[in-house]
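> Sharing a structure with you now.
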Amino acid sequence: MTGRIIILLAGLAAAGPVLAQQAAQKPVETVRAAVLRVDVPHLPPISRLDTPPGDLGFAGARLAILDNDTTGRFMGQDFEALEVTATPETAAAEMEKLLAEGVPFIVTLADDATTLALADQAGDKALVLNARARGDALRGKDCRANVIHAAPSQAMLTDALAQFLMWKKWPNWFLVAGSHPEDIALADAYRRAATKFGAKIVEERTYEDTGGSRRSDSGHVQVQQQMPVFTQRAAEHDVLIAADENGVFAEWLPYETWDARPVAGSAGLVPRSWAPSLEAWGATQFQNRFEKLATRPMREEDYQTWIALRMIGESATRTQSTDPATLKQFMLSDKFEVAGFKGQKLTIRDWDHQLRQPILLATPTVTASVSPQDQYLHQSSALDTLGIDRPETECQF
Amino acid sequence: MKAATAILTSALCLGFALPAAANRVFVSNEKGNDVTVLDSETLEVIGTYPVGARPRGITISPDGKELYVCASDDDLVRVFNPETMEETHTLPSGPDPELFVLHPSGNPLYIANEDDNLVTVVDTQTHKVLAEIPVGVEPEGMGVSPDGKVVINTSETTNMAHFINSETFEIFGNVLVDSRPRFAQYNDQGTKLYVSSEIGGTVSVIHPENQTIEKKISFEIPGVLPEAIQPVGIRITKDGKKVYVALGPANRVAVINGETDEVEDYLLVGQRVWQLAFTPDEKYLFTTNGNSNDVSVIDVAANKVVKSVPVGQQPWGVVVAPN
């Protein structure tokens, strides 16, 4: 390793024209952002493999800042993201601190209600980038002009699965939904997707969350008795779809159903913004970089936080500006596009500020398919076959 | 056993060669961990040879004596005798080498290290690392000016073409292009630099002297979704008049007029076409089709696809021996 020459960019910026020269002329400017993660106390998940890591979302932020800074070196731009955790009770106070410090971009990892409250609190002081909440109401009647949604909506996820199931010619669905409000909203999204793509929900059941042990030593013994009985004598169906946003029961369904039918939705084949198995479109390198940094596979929250901060970085590169208003304006313009290792450019819907993106359909070990499926066409973008399209939006900014 | 057969075949070829000398065509198979060798005249497979883990970038020395393969998952460049396909030595490459370019003189080799945001410069004679140059995020495309004075690297997430002085290893210019720049190619006249943007769906034509974008070429193919048009590999005829661009999952190669930079034709090839290579006489252009596991052969004069040849798993790169 002797004799290596490490060239430091700082020392050579003056030599070149164009961007390098500009970088040398102006002092380094910083783009400030924060990631605010609001953790709701939860029982442990069904599987110990799903236990949320302490750096959930933050690890994605760290990779985004590294990526932004590497580009920033050529532009005279520096990026930072504060990492803040809160509970639903302390979220408002933490948000207040960030607003008082004048942080102009706040990536939130929170549930629907908290996200909406934080957005209203931020008002015109900060742009909120939603990296977790999936509710369609947040993009519909509760939409806010100061929010951009990096996380896909429930409608996008359910449409993505519906397209695949219709391609499979599995149009008869047995829908099992949990009893929490988010589960009920997700079940609504599946009903909407069924209507949109011509599937039929032949039976619906509700799985009540009665609390209790999800992961005791005898868990599987109980489950082996309960799940077949729970799914017994359902109308003839091609696939069972689980709507379980809180991880209460869905993971127990595969192989435990009364009828020999595949499970999809919240377990089995799951529509997701990201899966650590994805290798196409340069994703291998991206996964490698993340795993080297975080020493664990990338989760959806990490991807969604990463893309949110990359959207800011990309806007700063393209506008050659660090002015928050300029960046926001660019992000919401038709000139904005960002690459996200999903095989095509990602853009923002002007009617509800949702990031258009392909949705992966993944099992725990492989990415089985990616929607939109080729057969579904759209007059402006195939990605708009997923989720709430312009004519149907209830959003009014 | 395979190697022995190859030597025999090659000896036969040399012994009874037809007037138009056949060249060997080397195709790296990313998932197969091997290289398929074709005969450029008969278009038949000569043999398949193991070359290490995840071979991607592939090139050959100007004298035709050394074949270089980026063994991405082995974190090194493996060097083979192109005649025997026996490994002669390895070169240090830095982690995850993806694509590289040789100086026109055959030395040094400039390698993009995708995972480490570096370009590594390696002396092909002494096998020593001469420099590591920090560039943007996910460096991939590597080009070199015909006079060897400028090396180009494209960084896929930073979205820039970096201009590097090949003697001082200093970056002296950065040009922002559309999303995910994959490949950089000068014309032989040195008057134009073509950079493909996979996600942006365009090819930027850059003036090398003042580092400005002269033109952005975009593509439109009836019946093909715009998102599927993803330009990657670029090759240009020696006279600079015809530019060929591989369009990825659009399964087409675009033919561009090198003087006007207008698209003149689209040629249907195999699935997910990424890299291209001419025979030295520019009679044929070979394309690697990663999803259909084959190589399409384009008759350059006629602009027609004349054959597809099955190769290994996920063909990635291709190079044709100069002799």
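> For segment B:163-187, how many residues are more than 8 Å from chain A (Cβ to nearest Cβ), among the charged types (D, E, K, R) and touching a strand residue (DSSP E or B) at 6+ places or on another chain (Cβ under 6 Å)?
Number of matching residues: 2.
> Out of the residues in segment B:193-213 that are touching a residue at least 40 places away in the same chain (Cβ under 8 Å) and more than 11 Å from chain A (Cβ to nearest Cβ), state the one that is farthest from residue A:283 (Cα to Cα).
The selected residue is B:208.
> Which of the residues that make up segment B:297-309 are touching a residue at least 40 places away in the same chain (Cβ under 8 Å) and not aliphatic (A, V, I, L, M)?
Within segment B:297-309, B:303, B:307 qualify.
> Then there's this: Of the residues that sit in segment A:285-322 and are of a type in the set (A, V, I, L, M, F, W, C) and over 15 Å from residue A:355 (Cα atoms), which one is surrounded by the fewest Cβ atoms within 10 Å (Cβ to Cβ)?
My answer is A:293.
> So for segment A:77-85 (the condition being of a type outside the set (Val, Ile, Thr) and within 14 Å of another protein chain (Cβ to nearest Cβ)), does at least one residue qualify?
Yes; the residues of segment A:77-85 include at least one that is of a type outside the set (Val, Ile, Thr) and within 14 Å of another protein chain (Cβ to nearest Cβ).
> Can you go through B:250, B:254 and tell me which one is surrounded by 23 or more Cβ atoms within 10 Å (Cβ to Cβ), over 21 Å from residue B:29 (Cβ atoms) and either under 17 Å from the mean Cα position of the chain (by Cα) or free of Cβ contacts under 8 Å to residues at least 40 places away in the same chain (or both)?
Result: B:250 is the single residue among B:250, B:254 that is surrounded by 23 or more Cβ atoms within 10 Å (Cβ to Cβ), over 21 Å from residue B:29 (Cβ atoms) and either under 17 Å from the mean Cα position of the chain (by Cα) or free of Cβ contacts under 8 Å to residues at least 40 places away in the same chain (or both).
> Of everything in segment A:163-198, what is touching an Asp or Glu at 6+ places or on another chain (Cβ under 6 Å), within 21 Å of residue A:231 (Cβ to Cβ) and not aliphatic (A, V, I, L, M)? Give them in sequence order.
Matches in segment A:163-198: A:170, A:172, A:174, A:178, A:179, A:183.
> When segment A:286-322 is examined, which residues are found to be among the basic types (Lys, Arg) and within 14 Å of chain B (Cβ to nearest Cβ)?
Within segment A:286-322, A:289, A:292, A:310, A:318 meet the criteria.
> Looking only at strands (runs of 3 or more DSSP E) that lie completely in segment B:153-207, which have at least 2 residues being among the polar types (S, T, N, Q)?
Answer list for segment B:153-207: B:193-197, B:202-207.
> Return the only residue of A:267, A:283 being within 18 Å of the chain's Cα centre (by Cα) and within 14 Å of chain B (Cβ to nearest Cβ).
Answer to the check: A:283.
> What are the pairs, 6+ residues apart or on separate chains, where a residue within segment A:375-396 that is in contact (Cβ under 8 Å) with a residue 40 or more places away in the chain and more than 14 Å from chain B (Cβ to nearest Cβ) has its Cβ under 9 Å from a residue that is among the aromatic types (Phe, Trp, Tyr) and loosely packed, with under 14 Cβ neighbours inside 10 Å?
Going by the 9 Å Cβ cut-off, there are no qualifying pairs.
> Restricting attention to segment A:116-149, which residues are crowded, with 21+ Cβ neighbours inside 10 Å, assigned to a loop (DSSP other than H, G, I, E, B) and either modelled with pLDDT under 95 or aliphatic (A, V, I, L, M) (or both)?
A:126, A:131, A:133
The values are calculated or read from the model by the stated rules, or taken from the named source; none is laboratory data. Only a predicted model underlies this, so the values are computations on that prediction, with no experimental measurement involved. Positions of Cβ are generated from backbone atoms using ideal geometry, with glycine treated the same way; all protein chains shown enter the neighbour counts.
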